[in-house]
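S.K.: Provided herewith is a single structure, encoded as structure tokens, for subsequent inquiry.
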Amino acid sequence: MMQELAKIKLDTRPLYVRAERALSQLLSTSDPGERLPPEPKLAQMLGISRSTLREALRSFERQGLITRRRGIGTFVSRSRQVIESNLETLESIDSLARRMGLECVTRDLKVKEESSSPETARHLGIAEGSPVISISRIKATQGQAVAFMHDVFPAALVDIQTIRAEFKGSAIDFLLEQGRQDLSYAWTNISATQAGPGIGGKLGLDPQCVLLLLEEIVYSTENVIVEYSRNYFVPDYFHFHLIRRIKS
């Protein structure tokens, strides 16, 4: 652990990012329920100011990684269940959570019809300004907001009143329930991104927190684009994996 801290002190990245990295390293080697060193000692160990440390601790507390008890100390949170997904199969968070026995709820659901932006039109393969149906919501499990999801459909393919009446939380599940058995595959781009003030505010996270972004375009069997989505996941609550074959 001391070797890791020494490396962090040589890090040229912003202090807040360094503090989060150091805390992640500390938590990874700590047992659930273990008490962390007092703030003055912890700040000294990490080579940062107490104000920078407090910001990092607040972020980790919002993510459920630590528990702070006034007058007692800061403790590593008990282990939580992680939602696992094989990326070779497109399946909703709701379905994955149900299979694990977890309750997955939808919060702050917003459905609206709007004109497509240049970026959205490009991803959907439609003319800029064409009408689209936009669906955004927060997904939460174990009492914690764990993902922000935003899906966009060409308005010609879905009925907004049907969505408002029958949408239960998953775009894929909604399409299948509407009889769209022609869904074939999804082009997916995976990247890490900062939460920023917008997504971070929705998920109750610091803007500098890193999220996992899955950007997807879903195609039908006729190679018609059915929807475009940008889904932001809090990494501590998800485990994505896939099988890669060795090229002969």
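S.K.: What number of residues within segment 121-159 satisfy the criterion of being closer than 19 Å to ASN223 by Cβ and surrounded by fewer than 19 Cβ atoms within 10 Å (Cβ to Cβ)?
M.R.: Count: 7.
S.K.: Pick out the one residue from SER59, SER115 that is under 21 Å from TYR237 (Cβ atoms) and among the small types (Gly, Ala, Ser).
M.R.: Within the list SER59, SER115, the selection yields SER59.
S.K.: Can you tell me which residues in segment 28-58 are assigned to a loop (DSSP other than H, G, I, E, B) and either in contact with a strand residue (DSSP E or B) (Cβ under 8 Å, 6 or more places away or on another chain) or basic (Lys, Arg) (or both)?
M.R.: SER30, ASP31, PRO32, GLY33, GLU34, LEU36, PRO38 - these are the residues of segment 28-58 that are assigned to a loop (DSSP other than H, G, I, E, B) and either in contact with a strand residue (DSSP E or B) (Cβ under 8 Å, 6 or more places away or on another chain) or basic (Lys, Arg) (or both).
S.K.: Among the hydrophobic types (A, V, I, L, M, F, W, C) and touching a Leu at 6+ places or on another chain (Cβ under 8 Å) - does that describe any residue in segment 110-133? So that I can check it myself, show each step before the final result.
M.R.: Going residue by residue through segment 110-133, those that are among the hydrophobic types (A, V, I, L, M, F, W, C) are 111, 121, 124, 126-127, 132-133.
Then drop every residue that is not touching a Leu at 6+ places or on another chain (Cβ under 8 Å), which leaves 132.
Yes, segment 110-133 contains at least one residue that is among the hydrophobic types (A, V, I, L, M, F, W, C) and touching a Leu at 6+ places or on another chain (Cβ under 8 Å).
S.K.: I need every pair where a residue in segment 93-118 that is in a strand (DSSP E or B) has its Cβ under 8 Å from the Cβ of a residue that is modelled with pLDDT under 90 and exposed (fewer than 14 other Cβ atoms within 10 Å of the Cβ), sequence separation at least 6 or different chains.
M.R.: CYS104/ARG98
S.K.: Oh, and also: Tell me which residues, restricted to segment 223-248, are touching a Leu at 6+ places or on another chain (Cβ under 6 Å), surrounded by fewer than 17 Cβ atoms within 10 Å (Cβ to Cβ) and part of a strand (DSSP E or B).
M.R.: PHE240
S.K.: Can we say ALA192 is closer than 21 Å to SER59 by Cβ, surrounded by fewer than 17 Cβ atoms within 10 Å (Cβ to Cβ) and in the same structural domain as GLU103 (by TED's automatic domain parsing)?
M.R.: In short, yes.
S.K.: Considering only residues that are hydrophobic (A, V, I, L, M, F, W, C) and in contact with a Gly (Cβ under 9 Å, 6 or more places away or on another chain), which ones fall in segment 172-231?
M.R.: Correct list: ALA195, CYS209, LEU211, ILE217, VAL224, ILE225.
S.K.: Go through (1) surrounded by fewer than 11 Cβ atoms within 10 Å (Cβ to Cβ); (2) more than 29 Å from GLU103 (Cβ to Cβ) for TYR219 and report which single condition fails.
M.R.: Going through (1) surrounded by fewer than 11 Cβ atoms within 10 Å (Cβ to Cβ); (2) more than 29 Å from GLU103 (Cβ to Cβ) one by one, TYR219 breaks only (1).
S.K.: So, one more: Out of segment 59-85, which residues are surrounded by fewer than 13 Cβ atoms within 10 Å (Cβ to Cβ) and either in a loop (DSSP other than H, G, I, E, B) or touching a residue at least 24 places away in the same chain (Cβ under 8 Å) (or both)?
M.R.: ARG70, GLY71, ILE72, ARG78, SER79, GLN81, GLU84
S.K.: Report yes if ALA165 is free of Cβ contacts under 8 Å to residues at least 40 places away in the same chain, touching a Cys at 6+ places or on another chain (Cβ under 7 Å) and not assigned by TED's automatic domain parsing to the domain that holds ALA19, otherwise no.
M.R.: Numbers: free of Cβ contacts under 8 Å to residues at least 40 places away in the same chain: yes; touching a Cys at 6+ places or on another chain (Cβ under 7 Å): no; not assigned by TED's automatic domain parsing to the domain that holds ALA19: yes.
Taking the combined requirement at face value, the residue does not satisfy it.
S.K.: Please count how many residues of segment 87-102 are farther than 21 Å from GLU227 by Cα and surrounded by 12 or more Cβ atoms within 10 Å (Cβ to Cβ).
M.R.: Quick first cut of segment 87-102, residues farther than 21 Å from GLU227 by Cα only: 97-102.
From what is left, the residues that are surrounded by 12 or more Cβ atoms within 10 Å (Cβ to Cβ) are 97-98, 100, 102.
Residues meeting the conditions: 4.
S.K.: Does segment 195-222 hold any residues that are part of a loop (DSSP other than H, G, I, E, B) and touching a residue at least 24 places away in the same chain (Cβ under 8 Å), and which are they?
M.R.: Scanning segment 195-222 gives ALA195, GLY204, LEU205, ASP206, GLN208, CYS209, THR221, GLU222.
S.K.: Can you pull out every residue in segment 160-179 that is closer than 18 Å to ILE225 by Cβ and surrounded by fewer than 16 Cβ atoms within 10 Å (Cβ to Cβ)?
M.R.: LEU176, GLN178
The values are calculated or read from the model by the stated rules, or taken from the named source; none is laboratory data. Here the structure is a predicted model, which means the values were calculated and not measured. No Cβ is skipped: glycine too gets one built from the backbone with ideal geometry, and neighbour counts run over all protein chains shown.
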